[in-house]
Amino acid sequence: MRLLVVEDEIKTGDYSRQGLAEAGFQVSLVRNGLDGHHLAMTESFDLIVLDVMLPDVDGWRIVQSLREAGRQTPVLFLSARDSVDDRVKGLELGADDYLVKPFAFAELLARVRTLLRRGSASPLSDQLRVADLVLDLPGHRVTRAGRKINLSHKEFCLLELLVRRQGEVLPRSLIASQVWDMNFDSDTNVIDVAIRRLRAKIDDDFETRLIHTVRGMGYKLNVEAEDDGD
Ligand code: CA
């Protein structure tokens, strides 16, 4: 599950990101409204934790743009403001829930889980499937052709990313930022190693290979056979 956290307060942002990541979510953290607005509008998240008072573009504007664009991503507002008016305004603009700062992390986690459950009422959204590969998102379980495959947390996140963006070539830098939260110029060897491990588990015992190397560019997951020479 991918979460976007938009929070300019350093401590609250770091604390939320760390806690949510430890709870098993893939978390992207941005610290201003402009970046938050951009990511919320261009990438797909399962939920957005959104501070109201932000530099550049405030949380209200972000949720308003999202809803106007027809994006139904659940939004949990975070705010120091606790007046009823603000709460009502947030909910009217299309936020799904509201948490007043300061908050206990356990409460944030509980609200996030509740919203995600509500958002994924359709059983389909709990699973991702490609060919005979099935990812059970809430349970972090993977099977291929009915056979259970044990993955580490990072391997699962990596596979989830590849599956969600199947057919797209994902550069190492993108994989690094999405799965490891590392910068662009970090050593990307860790990604090659992780891909190799993931392949050994997902592809080695099966006829159809799913994970492909695109030379000089990155990796992609695809059902069609490709002659990528490795
Ligand atoms: Ca703020």
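All of the numbers you see were taken from the coordinates with simple rules; none came from a lab. Fair warning: this is a prediction, and the values are worked out from it, not measured in the lab. Here the Cβ positions follow ideal geometry from the backbone for every residue, glycine too, while neighbour counts run over all protein chains shown.
Within the chain, count lysine pairs with alpha carbon atoms under 24 angstrom apart where the residues are 8 or more positions apart or belong to different chains. Provide the component values of the computation, followed by the final result.
On the way: Lys11/Lys101; Lys89/Lys101; Lys148/Lys201; Lys148/Lys220; Lys154/Lys201; Lys154/Lys220; Lys201/Lys220.
Lysine pairs, 8 or more places apart or on different chains, close enough: 7.
Short-range pairs are left out: with C-alpha atoms under 8 Å and at least six residues apart, the relative contact order of segment 24-108 is 25 percent.
For every other residue with a beta carbon closer than 12 angstrom to the beta carbon of Leu162, add +1 if it is Lys or Arg and -1 if Asp or Glu, then tell me the sum. Residues near Leu162 contribute 0 overall. For the chain, the relative contact order is 12 percent, taking Cα pairs closer than 8 Å that sit 6 or more residues apart in sequence and dividing their mean separation by the residue count. Near Val6, once Lys and Arg are set to +1 and Asp and Glu to -1 for all other residues with Cβ below 12 Å from its Cβ, the sum equals -4.
Just to be sure I understand the rule: take each whole DSSP H helix in the chain, project its Cα atoms onto its long axis, keep it if the span is 15 Å or more and its mean Kyte-Doolittle hydropathy is at least -0.5. Which ones pass?
105-119, 153-164, 189-202
With one equal scatterer per alpha carbon and no solvent term, the Debye-computed log10 I(q)/I(0) for segment 42-109 at 0.14, 0.16, 0.26 1/Å reads -0.38, -0.50, -1.25. Remark on Leu133: its backbone amide H falls under 5 Å from those of Ala145, a criterion applied only to residues 5 or more positions apart or on other chains, H modelled at 1.01 Å from N. A convex hull fitted around the alpha carbon atoms of the chain yields 129 Å³ per residue. When peptides 197-204, 3-10 are sorted by average Cβ neighbour count within 10 Å, with the highest value leading, the order is 3-10, 197-204. Comparing Cα centroids, segment 86-118 and segment 25-71 end up 14 angstrom apart. Ordering Phe156, Ala95, Val169 by the projection of their Cα atoms onto the charge dipole of the chain, which places +1 on the Cβ of Lys and Arg and -1 on the Cβ of Asp and Glu, puts Phe156 at the extreme positive end.
Can you show me the helix-derived [θ] at 222 nm for the chain, built from DSSP H runs with n ≥ 4 at -39,500 (n - 2.57) apiece and divided by the number of residues, rounded to the nearest 500. Kindly include the intermediate steps, with their values, before the conclusion.
Working: 8 runs with 88 residues, N = 230.
Rounded to the nearest 500, the figure is -11500 deg cm²/dmol.
With a cut-off of 14 Å between beta carbons, the residues surrounding Pro138 carry a summed charge of +1, where Lys and Arg count +1 and Asp and Glu -1.
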